[in-house]
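Just below is one structure, and these are the notes that go with it.
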Amino acid sequence: MFERRLYYHIDWALVGALLALCALGVAMIYSTTADPTRAMSRMYITQLYAIVLGLGAMVFALTLDYRTFTDKSHLIYIGLLALLIYVLFLGNVQMGARRWIGVGGFNLQPSEFAKVGVALVLAKFFGENRGAPTMSDLAIGGVLTLIPFALVAREPDLGTAVTLLPVFLAVAYLAGMKMRILGILFLALLLAAPIAWKFALKDYQKSRVTTFLDPSLDAKGAGYQQIQARITVGSGGLTGKGFKQGTQGQLRFLPVAHNDFIFSVLAEEQGFAGVLVALGLYLFVILRTLDAARLAKDRLGSYLVLGVLASFTFQVVYNVTMSAGLAPVKGLTLPLMSYGGSSMIATLAGFGLVLNVRMRRFTN
Amino acid sequence: MAAHEDRRRITIRLSLLQYVLTVVFSILAVSFWVLQVVEHAKFEEMAENNHQRTLALRAPRGIVFDRHLQPLVLNRRSYSISIVREHTKDLNRTVTMLASVLGMEESAVRQIVERHRREPTYRPIVIVQDATLAQVAAVTARRLDFELPDVVVEQVPTRRYPDTLAAHLFGYVGEVSDRDVSANDALRSGDIVGQSGIEKIYNAHLMGEDGARRVVVNSVGREIRTLEEAPPTEGKRLQLTVDYDVQKAIEDSFDQLGFNGAAVVLDPANGDVLGFTSRPTYDPNAFAAGIDRVTWASLTSDEDRPLNDRAIQGRYSPGSTFKMAVATAALEEGVITPDFKVHCGGSASFYGRPFKCWKKGGHGTMDLRHAIEQSCNVYFYTIGNMTGIEKIHKWATLLGLGERSGIDLPNEVQGLVPSPEWKQQYRKEKWYAGETVSVSIGQGSVSVTPVSMAVYAATLANGGTRVTPHLLKAIDDGTGWKDVPPPAAKSKAPLDPEKLQAIRDGLWMVVNQAGTGHNAQIKGYDVSGKTGTAQVISNQGKERAGKTDKDLRDNGWFVFFAPRDKPEIAGVVFLEHGVHGSNAALVAHHLMDTFFAKKEGRPLPPKPEFKANLVP
């Protein structure tokens, strides 16, 4: 149970950086949506609630020893799969995808929690073995990842599904997977791309890629968001247009500014200075978390921390790149800053586990 | 051992990740620096173009008034509906939807769009020029639903001509041609400019200056707020010399008669144009908001050529109205005196050829006054032959014939009073003395425009000053009316008052005694004038063409001024195929009656009823 001396080992610097990013997110959500003439003007309040709930989840995630969670990880994992299957058949449909479960007025997105679940189960699985993982270990770990991947991808929510892959890769990497195999995996992905292009991708997904390569191909359609993202970021300049003064986000040239493109709004209104602050905070969070992985008293702890960090980092890097119009537009949110309750709660719960591992580095 | 190895591996691999991620974030930071600092100016401009629009605020053209400040040409509001392709996401969808909203054929809309496809996308393509309120309402509603963000409704001030009178005088407006845009810096593509008449000549005064409004719009094109606004400046107001009631009297008379033709009425003292018409006419309102192809085609293919301004562009044989020019030449050159008598036996022989008088039995012996009153051909054959073509040419020119009048209207043509030099130069032939005899009664190669005939009448009326007819009396640029001085007279003929009086006496007798102009008589006003009836075809030709549908009736002229001794009004009425000059005198009567009634504050005469006095 929670011992008093553990309190002194909580990484307050990390907590501070996380809260700073949350605050930045709320400010940007306020800037783009707080408009008394519009219905969604109270979104920042909802986001504040989500942060409070997320902090609760975080406290819960560090109260118990992380090994308690990993010991129960198979149950958590099975529970998550059940939820994902439930969503697939009985979830709420929004914008053509079945992703949400209604829980007392809130919409819960189980796929966000799948990231933590997969991190837990993979940490446990690889943590139990000593030495480099064998091919069959990798295969089992891969299957454990691909089951939720498939379920989420079916919703369809390919973006969130893809964030599960880094979890597997990161844990396997840290567990000692041979770099050669990592290389082969990348090569296989590269070879699979044209096949996926032909058979797996839907037309709208293909057009996102082609317009990324040349946005002017479809300047009013799929390329529109990308061009607008670049304009938004570029027009921000060194110091930005000022809080609530951004024309691109405020006048809705940039779609879903409070969500997928919140970083673009930050870049527009706070300029390159604001971008540096936010990037610095994210990098700090990431390096601090890597530190926690290094300090962990056992392999399991290291794997868990890196598993949590993997999807987080992947999403941050991809979203920031996309925000500048430098990557194809994909419905991937920016963790901690984008509007969204499930993501906020799952992310903070994940960092609860990171704090957990770090502060219990001296316990037995 | 294995645990130690694990620890070592984990530390190494974590450090590797640390470096990789630090590099990744550095790359991101550099990317943002490039976008936000290096390329900032470019993207800032793009962002501005994104959310700022400059809308033209069309300036109304100046209002045109008559000489008593009664408005003649006004403006009304009209609405145009256009597509701005710059904001179009799917042109096909916009075309389909707009066509159904406007109740138009989709192919028609597509055709318009196709015609302007090469123009820059920010320039609106006007789909409907003068939209109905229902169309405006339908489009506006769709815009609010964000369904047609690329369609704009523009309010355009449009010309309104309340009565369709003096169409040729006002002219019409239309979109500026590309050639004019490149020739004149003040004009921009899409501007509405005068294409003929007053609208064209005084376009620079009338046009005004468009304003502009810079607005912030959101991503669906809805205006959020105005950044700045420069209101349009209305064009200058013009006061014309034209008198509405005189003009109306002329138009009513032509409506009554049903003939084509022209009339020009002047103030003989200074050349003020009091009335001006050309028939057949057209409705300048049809051009105001852009003329449709069907109307344009029917106007241009009409054999009567309604767009032609007969008053300044029609050249006709003057017939007997030319006789005063011959008389002036003979008198001023001292060839005859007013008492010079000639015997008319119905015809006379010159250079071995017989020349007929119109009166078969002849007029007997008569002096100049009676020769004018009776319009005796033999008298004028004789004195014309005595005077010679050079002198006739000289004096006819001094009286304003065969010259451009210099009226402030575009594309005036020049008539012709022949001379031996002219014949040598253009026909490469010698002048035959026999031609002079024909010219003496206004036949042969003499041709005149109605406006030059009006100047001729005014010059005889005012004692020899060849005034320049003009339409502009004053300009108001917003700071009050400023008079425009009348243009200088073209020439001043040194006419001997006594000799001129003899001609005037003859003209007075035409109207008030036994002449052909009694239709123009107004008791107490000493109307003086001369009819002219000019064949459009020779007698032999008439027989040959008699079986065709061609209108072969003679043209009718009436030149006039009044009162004889202190003229206040002078002018000409010309009726194409009007049968006889006395029919033209009917028009002159009504317009002069109206003029004097208005001047003296009497009730204006009612609309005329000519049937009884008409020569069929």
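Tabulated values for the structure
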quantity: Cα-based equivalent ellipsoid of the stretch B:45-185: semi-axis lengths in Å, sorted from largest, via gyration tensor; calculated: 32, 19, 16
quantity: Neighbouring partner chain Cβ atoms per residue of A:248-255, average, 10 Å criterion; calculated: 4
quantity: Shielding by partners, peptide B:9-22 (average Cβ within 10 angstrom, other chains); calculated: 5
quantity: Lysines with Cα under 18 Å of B:Lys423, excluding same-chain neighbours fewer than 8 positions away; calculated: B:Lys391, B:Lys394
quantity: Long-range amide H partners of B:Lys89 with built H, under 5 Å; calculated: none
quantity: Cα centroid separation - the stretch B:230-275 against the stretch B:114-183, whole Å; calculated: 29 Å
quantity: Linear extension gain, A:Asn92 paired with A:Ala196, 0.36 nm per residue minus alpha-carbon span; calculated: 34.6 nm
quantity: Rounded tilt (10° steps) of A:262-295 against the dominant C-alpha axis of chain A; calculated: 10 degrees
quantity: Average beta carbon contacts from partner chains per residue of A:233-244, 10 Å cutoff; calculated: 5
quantity: Inter-probe distance in nm under a simple model that places probes 7 Å from Cα toward Cβ, at B:Gln18 and A:Gln205; calculated: 3.7 nm
quantity: Cut-off of 10 Å, at most 11 other beta carbons, DSSP loop: longest stretch of chain A lacking such GluC sites (Glu not before Pro); calculated: A:129-364
quantity: Using θ = phi - 60° and Karplus 6.51 cos²θ - 1.76 cosθ + 1.60, couplings along the stretch B:416-422 (whole Hz; Gly, Pro as x); calculated: 9, 10, x, 8, x, 4, 4
quantity: Volume per residue that the Cα convex hull of the stretch B:71-112 spans, once the total is divided by residue count, Å³; calculated: 115 Å³
quantity: Folded to 0 to 90 degrees: helix A:73-90 orientation relative to chain A principal axis, Cα; calculated: 40 degrees
quantity: Pairwise centroid distance, computed over Cα atoms, of the stretch B:311-373 with the stretch B:406-443, Å; calculated: 18 Å
quantity: Radius of gyration, Dmax [chain B; alpha carbons; angstrom]; calculated: 35.3, 155
quantity: Whole-Å semi-axes of the ellipsoid equivalent to the protein assembly as shown (Cα gyration tensor, √5λ, descending); calculated: 101, 24, 22
quantity: Range of Cα positions in the stretch A:4-359 per principal axis (Å), largest first; calculated: 55, 54, 40
quantity: Nearest-20 debye value, chain B charge dipole, Cβ charges on Lys, Arg, Asp, Glu; calculated: 860 debye
quantity: Pairwise FRET efficiency - B:Tyr122 versus A:Trp12, Cβ, R0 = 51 Å, nearest 0.05; calculated: 0.35
quantity: Per-residue [θ]222 nm for the protein assembly as shown (sum of -39500 (n - 2.57) over DSSP H runs n ≥ 4, rounded to 500); calculated: -15500 deg cm²/dmol
quantity: Percent RCO, i.e. relative contact order, over the stretch A:4-359, from Cα pairs under 8 Å lying at least 6 residues apart; calculated: 29 percent
quantity: Contour excess over end-to-end distance, with Cα ends at B:Asn184 and B:Asn411 and 0.36 nm allotted per residue; calculated: 79.8 nm
quantity: Cut-off 17 Å (backbone N to label point 7 Å along Cα→Cβ of B:Lys482), residues of the stretch B:178-216; calculated: B:202-209
quantity: Residues B:Glu147 and B:His577, FRET efficiency given R0 of 45 Å [Cβ-Cβ distance, rounded to 0.05]; calculated: 0.15
quantity: Loop sites in the stretch B:342-407: GluC sites (Glu not before Pro), DSSP, at most 11 other Cβ within 10 Å; calculated: none
quantity: Approximate spin-label separation A:Ile184-B:His68, in nm, with each point projected 7 Å along Cα-to-Cβ; calculated: 10.8 nm
quantity: With Cα atoms, 0 to 90° folded angle of helix A:341-359 axis to chain A main axis; calculated: 40 degrees
quantity: Residues of the stretch A:297-329 with amide N under 20 Å of a point placed 7 Å along Cα→Cβ from A:Glu128; calculated: A:298-308
quantity: Relative packing of peptides B:254-265, B:92-103 - highest average C-beta neighbours within 10 Å first; calculated: B:254-265, B:92-103
quantity: Added length on full extension, which subtracts the Cα-Cα distance from 0.36 nm per residue, B:Glu45 to B:Asp496; calculated: 154.6 nm
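Where a number appears in this text, it was derived from the coordinates with a stated rule and is not lab data. This structure is a prediction, so every number in the text was calculated from the model and none was measured. FYI the Cβ positions are ideal-geometry reconstructions off the backbone, even for glycines, and counts take in every protein chain you see.
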